[in-house]
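Okay, so here's the structure we're looking at.
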Amino acid sequence: MTEPIDEVRLEFSQSIEPDLIKITIRKDDVDVTGPEKPQLASGGKSVRIAVPNAGAGSYRIDWSIVSIDGHRTNGRYGFQLGPP
């Protein structure tokens, strides 16, 4: 990607417990998670979080959620903003 982004959206197959969402954003190995808490979208299966100052760099998103049926799930993925 080369265009700046202002948020990350994660979509899940089941509804999520709104108080048990944790998302951490790292840019070039520095935590850049802003003060805004993750927001659960209507329907309860999609979460979005703002990405502050999303300029060029390597990003890593670490996430952990609990589905409405009590199962904890977590994961990680990365992406690059800027020239290849």
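A short reminder: the numbers here are calculations on the coordinates, not readings from a lab. None of these values were measured; they are calculated from a predicted model. Please note: Cβ atoms are built from the backbone with ideal geometry, for glycine as well, and neighbour counts cover all protein chains shown.
Below, the figures for the structure above:
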| quantity | calculated |
| --- | --- |
| Which of Pro38, Gln14, Ile61, positive extreme of dipole for region 3-72 (C-beta unit charges) | Gln14 |
| Stretchable slack from Val32 to Ala56, in nm (0.36 nm times residue separation minus alpha-carbon distance) | 7.3 nm |
| Cβ charges +1 (Lys, Arg) and -1 (Asp, Glu), total dipole of the chain, debye | 140 |
| Partner aspartates and glutamates for Lys45 [C-alpha distance under 15 Å; skip if fewer than 8 residues away on the same chain] | Glu11, Glu17, Asp19, Asp69 |
